[in-house]
Amino acid sequence: MENNQPYVVVSEISMVETTVKKSRFIGVTFPVENIDQVKEALGSLKKSNKDAKHIAYAYLLGADFSIARNNDDGEPAGSAGAPIYQAIREKKVTNVLVAVVRYFGGVELGKSRLTRTYYSAALNAILNARKNKMVYCSIFDMKVTYSDYAILGKVLAEKGFPILEKNFDESMPMVKCAIPVENAEKAIEEIRIKIKDSAQMIKVDSMYYRFPYNG
């Protein structure tokens, strides 16, 4: 992904079930980061759903959305894996495997209805999952006096900047925090204004960090 743009990931396994003309469709999301984890999740799902007629799936990996695949698992071509993948792309999530388990109820749906059902099952599973927004952050070590420590903590909390580490062993308390790169320069200026005593603020790293996401 160019310029370290933010991206969204699911952070938990989520499951949503629906019944359409006697067939059960169970949409399941898995947070995954590589092909091995995809294979492991699919293996576990197949093992726990041995009587299922189909387990169609799609996955998308990478901050740049560069690795993708979908599989119809015996359903008519394009009626299962593709709509699952469509749901993933529409919600703009990555590092995710979405599978839809179908227990056949004896009534054929027709390709059009089947496609809509797989899409809906996948979309609902994604919507139901807890998600995080991965934001590229500057990591700062901040050393302040004990009298300013409470002020610093309050400012960071108000702005929603996570504290990664605290250290009280030195003469000045140290706080390591993550600040989104796009806000870092302005945020540091505002923090310095709030803190009257001298403070040392040093950028020590850059990395993606998980933030809550409600989309």
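For this structure, a couple of remarks:
- Among the residues making up region 1-25, those that are surrounded by 20 or more Cβ atoms within 10 Å (Cβ to Cβ) and not small (G, A, S) are Y7, V9, V10, V16, F25.
- Consider region 98-131 and keep the residues that are over 13 Å from T18 (Cα atoms) and charged (D, E, K, R). The one that is surrounded by the fewest Cβ atoms within 10 Å (Cβ to Cβ) is E108.
- Residue pairs whose Cβ atoms lie under 8 Å apart, separated by 6 or more positions or on different chains, with the first residue in region 141-152 and in the same structural domain as M174 (by TED's automatic domain parsing) and closer than 12 Å to I202 by Cβ and the second of a type in the set (D, E, K, R) and at pLDDT 85 or above, are D141/K176; M142/K176.
- Some residue of region 185-199 being part of a strand (DSSP E or B) and surrounded by fewer than 17 Cβ atoms within 10 Å (Cβ to Cβ): no
- Residue list for region 174-191, filter: more than 22 Å from N4 (Cβ to Cβ) and touching a Lys or Arg at 6+ places or on another chain (Cβ under 7 Å): M174, V175
- Out of K131, K143, K111, K176, sole residue that is among the basic types (K, R), in contact with a strand residue (DSSP E or B) (Cβ under 7 Å, 6 or more places away or on another chain) and closer than 30 Å to P83 by Cβ: K131
- Here the condition is being in a strand (DSSP E or B) and within 21 Å of the chain's Cα centre (by Cα); of A41, A58, A63, it holds for A58 alone.
- Criterion (under 30 Å from V181 (Cα atoms), at pLDDT below 90 and out of contact with any helix residue (DSSP H, G or I) (no Cβ under 7 Å at 6 or more places or on another chain)) met by exactly one of P6, P31: P6
The values are calculated or read from the model by the stated rules, or taken from the named source; none is laboratory data. As the structure is a prediction and not an experimental result, all values here were calculated from the model. A quick note on method: Cβ atoms are made from the backbone with ideal geometry, for glycine too, and the neighbour counts reach across all protein chains shown.
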